[in-house]
Each structure stands twice: as C-alpha cells, then as structure tokens.
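S.K.: One structure follows; several queries about it will come next.
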2 protein chains.
Amino acid sequence: MKLASLKAGRDGRLVVVSRDLTRATQAAAVAPTLQAALDDWPRAAPRLAEIAERLEAGLIPSFRFREHECASPLPRAYQWADGSAYVNHVALVRKARGVEMPPSFWSDPLIYQGGSDGFLGPRDPIPFLDEKFGLDLEAEVAVVVDDVPLGVDARSARAHIALVMLANDVTLRGLTAGELAKGFGFFQSKPASAFSPVAVTPDELGAAWDGGRLSAPLLSFVNGAPLGRPDAGVDMTFDFGGLIAHAARTRALCAGAIIGSGTVSNRAADGGPGLPIADGGVGYSCLAEQRVVESLLGGAARTRFLLPGDRIRIEMRDAAGHSIFGAIEQEVVAATEI
Amino acid sequence: MKLASLKAGRDGRLVVVSRDLTRATQAAAVAPTLQAALDDWPRAAPRLAEIAERLEAGLIPSFRFREHECASPLPRAYQWADGSAYVNHVALVRKARGVEMPPSFWSDPLIYQGGSDGFLGPRDPIPFLDEKFGLDLEAEVAVVVDDVPLGVDARSARAHIALVMLANDVTLRGLTAGELAKGFGFFQSKPASAFSPVAVTPDELGAAWDGGRLSAPLLSFVNGAPLGRPDAGVDMTFDFGGLIAHAARTRALCAGAIIGSGTVSNRAADGGPGLPIADGGVGYSCLAEQRVVESLLGGAARTRFLLPGDRIRIEMRDAAGHSIFGAIEQEVVAATEI
C-alpha cells in the first residue's frame, strides 16, 4: 500500500493513496496520523491494506490525490538516523575535504543522528540563508521502522521495515567541515530534510526490493537538467538491515524512526568515481560529489551550489516508468521570503 | 508550575504536581500528554498554571504523587540536542582521550544531536550491555522549548524556554572515542537518556534562574556516596539562550525540543580541574571526569565505570533543601534481565 500525509496541523492527516498516485481516501477510521498508525502498526497495517485494496477496486469514496498538498509522510518524527551506506560517496566527499577515509568505513556503518522535529514537505521551498553555506541536495532512500528491539541483528532487522520513501537530506556544505572537525557530528550543516509525498510498504516494490535494498535508478534533477540516476541497489555497502542493526546496537528504536541510506552513489565500471551524466555516466545524487569529480578530472569544480530560484527534483520510477513515491520538487527560496 | 507524565502508553499521562511534590492532579482537560500541551503552549500553559494554583490551594481533587510512577516528562521527544556548555568538562574529557581541544570551543557552542525516540523513566533501570562499553552517567540541566523560529538570537531565545528539568545523559565511554574519530558524532555511545520526574516552569525557580542559567548545586550520587555537587550556574560558558540560538541557526525548533546543558562541571578556585568530594572539592557529574582528575593527580584512574547493581541518583534542592525536580534514581541492570 501507499500512504501519505496531507498537510494539516503538526502531524498531517493520513490518507491511503492509489498505486498510480491519482486517487486517495481517508484513513482516519484507522489512525489520524501516520505516527499514530505506526504506534499501533500490527493492528493498523492490515486495516490500512484493506482500505488500499478497496481503493484500487473503486469500492470506496476517493478524491484526487495531489502531491503538492502533501507534508512529508512523517511531518516530524522521533528519530531521523541517516546512514552513509554508499561508501563511495563518503570517500569522494572526504577526498574533496582533503581528509583521509579510514578503511574501517567499508565494514563499520557510518550513521549520524539527524534532526527530526520538523521536515520540509516534498514541495516546500528550501530556505536559503547564505551563499557561503553552500546549499546542496542529497537524494537518498529511507525506511520507516516499527518497534525495533535493542541488539537486533541485520537479518532480523529487515522484518522491521514498515515503509520505504525517498529523501532530500538538505546539506550546507560550507558548514560540514567545521562541524565535523569539532567531533560532535552534523548539526547546523543539516537543516530540515524533505521526504517523498508517498511512503510505500515493501511489498509494493516487487522484485526491486530484496528485503534490504531497493534496486532502481534514483533520479535527481537541478533546474530540469538530470544530475544523477545511480541505481540505489548498486554499491550500497550496508543494506537497510545492517543500518538498522547498527542503530539498534545499544538502544531500541521506536516505531516511526526513519533510517536513511545516505547519498546514493555508484562507482564507474572501472571502480573509480562515476562520470557526470553529460559525459555518459550515471551522475550523482548531490552537487558536492559532482564537484569532486570535476576537480579530479579537470582540476576545478565548475558546478555551483544551490541559489535562490534553483529547483531540484528527486524521483524514482518503476519498470513501467511510473513514479513510485511521487516526486520531491523543491525551489530554493530566501529564508526571509518564506 | 510543575508537570509530570505518569507512565501510560507511549507518551505518558500529563499531571500537574504540587510544589512540594506530594500531590498531583489530572491535566487531561487541558492536554492528554505533555507534548500535546507544548504543541499548544500559549493556550495550554495558562490553563495548566490555573490548575496548579488550585492544586496548591487544595481546591481540586488530587492524589498522592509518586516519583517512581513517572515516565520522563517527555517519554519520547522530537528532538534532544545536548550541548557541552561547561567547557571545563570537555577540556578534561578530551585530555583523558589524549585529544587537543580547539580554543574555538570557548566561543562556539558544541551541541550534538541525541536520540530522542525513547527515554528511560527517572526510576527505570539503565540497561547494561558490556563492561567494555564503560557505562557512565552524566548529570545535566535541560530545558524544553516552545516553537523557536529560525535564526533566533541568544537573548530572544530565553523567552522560548517553557520548562526546566534534570537529565542523566547515559554515556558509553568505551564507544565514544571510536565514534568521534569517525566524525559523525555520537550514536551507539549515547543510548537512552533519563530525565527528572518533574519538569518545572522557569518562574518556579525564583532567584536561582536568571533566564538562561540555573544556579544551584547539582547533586549526583553513586551507590549512595556523593559524586558531585557542582553549581549549575557556575562555569556555564554558554547559557541556554546561547545553546538554543546555536541549535536554531539554520532551522526552526519544534515545540517540545529538549536542549541539554552538557555535563555540569566546576573548576577549582585556582582555575584547574575541581577536586573530588573526598578531597574537599565539589566533585563531578560523571565518572569520566573523576577518572581524568585521578589520572592527573595520581597517575591512574581508580574509579571504575558502572556495573550491574550500581545505583545512581541525580537531584537538585532549593534554598530550603526541598527537591525541585524529584530525583533521577536508576539501578544498572543487565539488559537481558530488563
């Protein structure tokens, strides 16, 4: 099934969305909000699935579903833990910062605790504060879990994945190096993220979902031009089971916790950094990576970070070309004008 | 007024508590949970204050308030951002890890994003996982804010402090160095924190509260023996206004976000590290700091980290000797036995 939260109050209003994203129907009889459904997932999920079936069959009243009316599926959450499962991305970005990447990064997952008290909606503007902050997108896959017990192993963790969605993990590159040098991780350099209009249960993903990885190109665009289409199932060093197990090593995770994949990134066939789309590669899921490759190939980064007026788009399509999660489409707008 | 959440469901049941912590009364007519009250704070706060007045005057039905029936005031929260405002503590702990502390730490606040999807109750056991993890307490002061706008300045930020409470920021010392070296901040080394049974509005604190700092000794005990009584108003390099402003520099904070002071720590009169209580000092709010000072003074740390069966207690008393927030009292218990 596919679920969304229409904008309403702090936590949105839960609706069930048709597979083709054209129709939606109320879910209030089951739960007023997605968090409420997740808090009671074993009871709520089958009832929501029944509504979804009746919606597909045209057996219940429905209304036109409009992606621009959506908040993020969880407009705020109790946890946003974002991994860096595509170690290739980490290696490239570190190279750009002139920092060595320890070899342990290939075996020990990297996860940072993100802010989760307020997410941007999938069509909300991205606040622009200062050109020096180097505003960047990061296109990712993210999962929402039900209650995960302390110490779960990577294989068992897969069963706790309730929903899958896309993310734009907005990043301020100009602030990351300073914050990481302080040692306490990201804070100011990671303002509010945005998620896709729709979150889907793993069973909707068919063969593209192997239980821990989603295999399909993740499409990113800047001002209409393709930035990247790396396959999210390729070069994902740690699958979602592994990321969840890492997060739950010393504490249980509450239903509704969101775990991110980190920026999706594919290597080139020769094992080196992938090429820009303009040069025949699959491109990148963030501008920083494109800039690193430009530096490596041509001596200098040519791509600039985002400025007011720029528009980004993140989407994923199924084998038939249909949008799975709806599109994250955001314009960069001066914070003073929002 | 003083507020608490009795254990019930995932988010507790909000009650108003008498100033002397002996009686409580339902607050459901205003809001079922503390988060619900904070979501609507401008409307809820005066109504809760009115209930508190009537409770003090004995004008409404009440029942015996028992601290051990409490969850943390927010059993889960949308944000837990913990500062390191007592830079003295940071300097000492870094010294112990053999890492230099940059001088900028005295002017640029250090805050890490903590996990907030599930807090321990003030009398809940602390799960013990592995002796190698080096289980430690950290006694802190924490505030809960209402909605904080993006870019708030340190002075205006003070007006957004809705509640004050105490915290035990449970820390796994054996995991901190490895995680900080990875650069993404704490994750596994910061399992669930616990907060005091009661959260109080700043006006309850009288002269001890200057709008940004709480001046009173923070009492910590391990197995009944005093560990520390540093004054939370002394050596707090950044006040709560400064910490909130730092957290809100690039994003708004949602009502109910919790901001921690970091481990409370006082220097000795000569500017050096404070002495253990046994040597006439004010002691420490965590074992790590005591161990560092033991190493500095005697060449080796003698104090061990926490083991199953150990009990910790964190409390603060007003000028008349009465407990302000109730006590955090936790026993360390093997995780497999919880």
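S.K.: So which of B:Val144, B:Val170 ends up being among the β-branched types (Val, Ile, Thr), buried (at least 24 other Cβ atoms within 10 Å of the Cβ) and out of contact with any Asp or Glu (no Cβ under 8 Å at 6 or more places or on another chain)?
M.R.: B:Val144
S.K.: Further question: Name the one entry in A:Leu135, A:Leu92, A:Leu129 that is under 25 Å from A:Glu315 (Cβ atoms) and at pLDDT 95 or above.
M.R.: Going through A:Leu135, A:Leu92, A:Leu129 in turn, just one is under 25 Å from A:Glu315 (Cβ atoms) and at pLDDT 95 or above: A:Leu135.
S.K.: Here's something else I'd like to know. So B:Ala194 clears everything in (1) within 30 Å of B:Glu69 (Cα to Cα); (2) small (Gly, Ala, Ser); (3) more than 14 Å from every other protein chain (Cβ to nearest Cβ) except one condition, right? Which one?
M.R.: (3)
S.K.: Does region A:226-241 include one or more residues that are of a type in the set (Gly, Ala, Ser) and within 14 Å of another protein chain (Cβ to nearest Cβ)?
M.R.: no
S.K.: Take the conditions surrounded by fewer than 24 Cβ atoms within 10 Å (Cβ to Cβ) and either modelled with pLDDT of 95 or more or among the polar types (S, T, N, Q) (or both) and apply them to A:Arg267. Does it pass?
M.R.: Criteria not met by A:Arg267.
S.K.: Continuing with the same structure: Does region A:30-48 contain at least one residue that is within 14 Å of chain B (Cβ to nearest Cβ), crowded, with 22+ Cβ neighbours inside 10 Å and at positive phi?
M.R.: No: region A:30-48 contains no residue that is within 14 Å of chain B (Cβ to nearest Cβ), crowded, with 22+ Cβ neighbours inside 10 Å and at positive phi.
S.K.: Now, a different point. Checking A:Ser261 against (1) touching an Asp or Glu at 6+ places or on another chain (Cβ under 6 Å); (2) within 14 Å of chain B (Cβ to nearest Cβ), which single condition isn't satisfied?
M.R.: (2)
S.K.: Can you find a residue in region A:98-106 that is away from chain B (no Cβ under 13 Å) and at pLDDT below 95?
M.R.: Yes, region A:98-106 contains a residue that is away from chain B (no Cβ under 13 Å) and at pLDDT below 95.
S.K.: For the condition away from chain A (no Cβ under 14 Å) and surrounded by 19 or more Cβ atoms within 10 Å (Cβ to Cβ), what is the one hit in B:Ala255, B:Ala288?
M.R.: One residue alone meets the criteria, B:Ala288.
S.K.: Give me a count of the residues in region A:61-73 that are within 24 Å of the chain's Cα centre (by Cα) and outside any helix (DSSP H, G or I).
M.R.: Residues that pass the stated criteria total 6.
S.K.: Moving on to the next point. Do we have A:Tyr112 as assigned to a strand (DSSP E or B), within 14 Å of chain B (Cβ to nearest Cβ) and surrounded by 22 or more Cβ atoms within 10 Å (Cβ to Cβ) here?
M.R.: Answer is yes for this residue.
S.K.: Could you list, in sequence order, all residues of region B:162-191 that are farther than 20 Å from A:Phe187 by Cα and either within 13 Å of chain A (Cβ to nearest Cβ) or among the aliphatic types (A, V, I, L, M) (or both)?
M.R.: Those that are farther than 20 Å from A:Phe187 by Cα and either within 13 Å of chain A (Cβ to nearest Cβ) or among the aliphatic types (A, V, I, L, M) (or both): B:Ala162, B:Leu163, B:Val164, B:Met165, B:Leu166, B:Ala167, B:Val170, B:Leu172, B:Arg173, B:Gly174, B:Leu175.
S.K.: Let me ask something else about it. Got a sec? Which of B:Val145, B:Val141, B:Val152 is within 14 Å of chain A (Cβ to nearest Cβ) and farther than 24 Å from A:Leu175 by Cα?
M.R.: Going through B:Val145, B:Val141, B:Val152 in turn, just one is within 14 Å of chain A (Cβ to nearest Cβ) and farther than 24 Å from A:Leu175 by Cα: B:Val145.
S.K.: Here's a follow-up. I'm checking my understanding of the structure. Among residues of region A:129-146 that are over 14 Å from the mean Cα position of the chain (by Cα) and outside any strand (DSSP E or B), which one is nearest to A:Tyr284 (Cα to Cα)?
M.R.: Looking at residues that are over 14 Å from the mean Cα position of the chain (by Cα) and outside any strand (DSSP E or B), I get A:Gly134.
One line per residue, one yes/no per condition, for (1) more than 30 Å from A:Arg267 (Cβ to Cβ); (2) part of a helix (DSSP H, G or I):
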| position | (1), (2) |
| --- | --- |
| A:Arg19 | yes, no |
| A:Ala31 | yes, no |
| A:Ala36 | yes, yes |
| A:Ala49 | yes, yes |
| A:Leu59 | yes, no |
| A:Pro75 | yes, no |
| A:His89 | no, yes |
| A:Ser104 | no, yes |
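S.K.: Return only the number of the condition from (1) within 14 Å of chain B (Cβ to nearest Cβ); (2) without any contact (Cβ under 8 Å) to a residue 24 or more places away in the chain that A:Gly281 does not satisfy.
M.R.: (1)
S.K.: To continue, here is another question. If you go through region B:219-241 one residue at a time, how many are surrounded by 20 or more Cβ atoms within 10 Å (Cβ to Cβ) and in contact with a Pro (Cβ under 6 Å, 6 or more places away or on another chain)?
M.R.: Looking only at that region, the number is 2.
S.K.: Let me ask another. Only residues that are in contact (Cβ under 8 Å) with a residue 60 or more places away in the chain and assigned to a loop (DSSP other than H, G, I, E, B): list them for region B:38-47, please.
M.R.: none
S.K.: Just checking, which of B:Gly271, B:Gly262, B:Gly299, B:Gly309 is of a type outside the set (A, V, I, L, M), in contact (Cβ under 8 Å) with a residue 60 or more places away in the chain and at positive phi?
M.R.: Every option except B:Gly262 fails the conditions.
S.K.: A:Arg249 - would you say it is more than 24 Å from A:Glu331 (Cα to Cα), away from chain B (no Cβ under 14 Å) and surrounded by fewer than 21 Cβ atoms within 10 Å (Cβ to Cβ)?
M.R.: Against the criterion (more than 24 Å from A:Glu331 (Cα to Cα), away from chain B (no Cβ under 14 Å) and surrounded by fewer than 21 Cβ atoms within 10 Å (Cβ to Cβ)), A:Arg249 does not qualify.
S.K.: Restricting to region B:57-84, and then to whatever is surrounded by 24 or more Cβ atoms within 10 Å (Cβ to Cβ), in contact with a helix residue (DSSP H, G or I) (Cβ under 6 Å, 6 or more places away or on another chain) and not polar (S, T, N, Q), can you tell me which residue is nearest to the other protein chains (Cβ to nearest Cβ)?
M.R.: Top of the filtered list is B:Ala81.
S.K.: Among the listed residues A:Tyr78, A:Tyr112, which satisfies the condition of being touching a residue at least 24 places away in the same chain (Cβ under 8 Å) and over 19 Å from B:Ala252 (Cβ atoms)?
M.R.: Within the list A:Tyr78, A:Tyr112, the selection yields A:Tyr112.
S.K.: Please work out if A:Val90 is β-branched (Val, Ile, Thr), facing chain B (nearest Cβ under 10 Å) and under 24 Å from the mean Cα position of the chain (by Cα).
M.R.: yes
S.K.: Here is a follow-up. Give the number of residues within region B:293-331 that are crowded, with 18+ Cβ neighbours inside 10 Å and either polar (S, T, N, Q) or within 22 Å of the chain's Cα centre (by Cα) (or both).
M.R.: So the count comes out to 15.
S.K.: Restrict the check to region B:115-135 and report whether at least one residue is more than 12 Å from every other protein chain (Cβ to nearest Cβ), touching a Leu at 6+ places or on another chain (Cβ under 9 Å) and hydrophobic (A, V, I, L, M, F, W, C).
M.R.: no
The values are calculated or read from the model by the stated rules, or taken from the named source; none is laboratory data. This is a predicted model, so every value here is computed, not measured. No Cβ is skipped: glycine too gets one built from the backbone with ideal geometry, and neighbour counts run over all protein chains shown.
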